[in-house]
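Step one of this worksheet: look at the structure below.
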């Protein structure tokens, strides 16, 4: 326990000692006066004689301690940390097998997810096609994150591996890359351990190239970063038009499931807009604990008031007056 005004504790001790000494002196003088007047002082140490006074005297230091503004630290659980929302913006995400489109449905679900988060969660936005780009750095300004989600538009291929590397660089504040050739020494520095960071990937799982996805996921796992993946689309698929050509596209869950499992995350499948919204509600952010100061002035004041009330009531009941 700590006190905002510790000097008041010294005052409380001095006043309490003075009050007790005054009470003892008063009782002795009272007993001497009764003795000199020829009255017996029976039961001078009885509980009924002294308890009301004792309660009132005890209330004094309790009240003064309350004025010292006592505080205690308690450990409270809360959701906290950093979440990076990574949107696949490849051409296939314009498919309409999930209304209004895969990307449009992912945006709406992601917005609902952000709106549900407390301000203790920093949210960032990343888009990935052939390359990955951070469009909103993690922030507790959720309105800024929502605006960044609204600006997402489709185009290009898919490089989930690059998305993971850029997300890790954002979380750790260090450039992150994989070895450039098989057997080459890693060029990535020690990333540290970031257990409160989560990457949430919205994708149809159709990878078209880039850094090795599983190696990138293993790098995230080593840094304590969990990846949650949300599969957007259906197995029956749809067609999209790219440069005048009709291309077939369908949800590929294998890669998304592997990435999530490697990092200890979970894969959520969303075959329609309602399922997609439900999937974001199931995203498991990590529960952390931290110590928060709680002021105890009110409990001390309540205890002092209770002692004063009991002392006064007992004094009236036993002696016919407030002590």
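The values are calculated or read from the model by the stated rules, or taken from the named source; none is laboratory data. Since the structure is predicted, the reported quantities are computational estimates derived from the model, not experimental observations. Here the Cβ positions follow ideal geometry from the backbone for every residue, glycine too, while neighbour counts run over all protein chains shown.
General observations
- Just so you know, in segment 102-115 the residues that are surrounded by fewer than 20 Cβ atoms within 10 Å (Cβ to Cβ) and touching a residue at least 40 places away in the same chain (Cβ under 8 Å) include one that is farthest from residue 162 (Cα to Cα), and it is 112.
- Filter pass, residue 157 being part of a loop (DSSP other than H, G, I, E, B) and either within 25 Å of residue 175 (Cβ to Cβ) or at pLDDT 90 or above (or both): yes
- Sole exception among (1) surrounded by fewer than 22 Cβ atoms within 10 Å (Cβ to Cβ); (2) touching a strand residue (DSSP E or B) at 6+ places or on another chain (Cβ under 9 Å); (3) farther than 22 Å from residue 225 by Cα for residue 99, by number: (2)
- Residue 190 meets each of the listed conditions (1) farther than 30 Å from residue 99 by Cβ; (2) in a helix (DSSP H, G or I); (3) out of contact with any helix residue (DSSP H, G or I) (no Cβ under 8 Å at 6 or more places or on another chain) apart from (2).
- Residue among 83, 13, 8 that alone is modelled with pLDDT of 80 or more, surrounded by 11 or more Cβ atoms within 10 Å (Cβ to Cβ) and within 30 Å of residue 148 (Cα to Cα): 83
- Checked against (1) at pLDDT 90 or above; (2) not in a helix (DSSP H, G or I), residue 240 passes all but condition (1).
- Test for residue 186: is it more than 30 Å from residue 238 (Cα to Cα) and modelled with pLDDT under 90: yes
- Criterion (in a strand (DSSP E or B), farther than 30 Å from residue 2 by Cβ, in the same structural domain as residue 111 (by TED's automatic domain parsing) and at pLDDT 85 or above) met by exactly one of 205, 265, 231: 231
- Filter pass, residue 256 being modelled with pLDDT of 85 or more, in contact with a strand residue (DSSP E or B) (Cβ under 6 Å, 6 or more places away or on another chain), buried (at least 18 other Cβ atoms within 10 Å of the Cβ) and in a loop (DSSP other than H, G, I, E, B): no
- Of everything listed in (1) modelled with pLDDT under 85; (2) loosely packed, with under 13 Cβ neighbours inside 10 Å; (3) farther than 19 Å from residue 310 by Cα, the single unmet condition for residue 27 is (2).
- Residue count for segment 117-162 under the criterion of being crowded, with 20+ Cβ neighbours inside 10 Å, out of contact with any helix residue (DSSP H, G or I) (no Cβ under 8 Å at 6 or more places or on another chain) and either more than 25 Å from residue 177 (Cβ to Cβ) or not assigned by TED's automatic domain parsing to the domain that holds residue 213 (or both): the result is 1.
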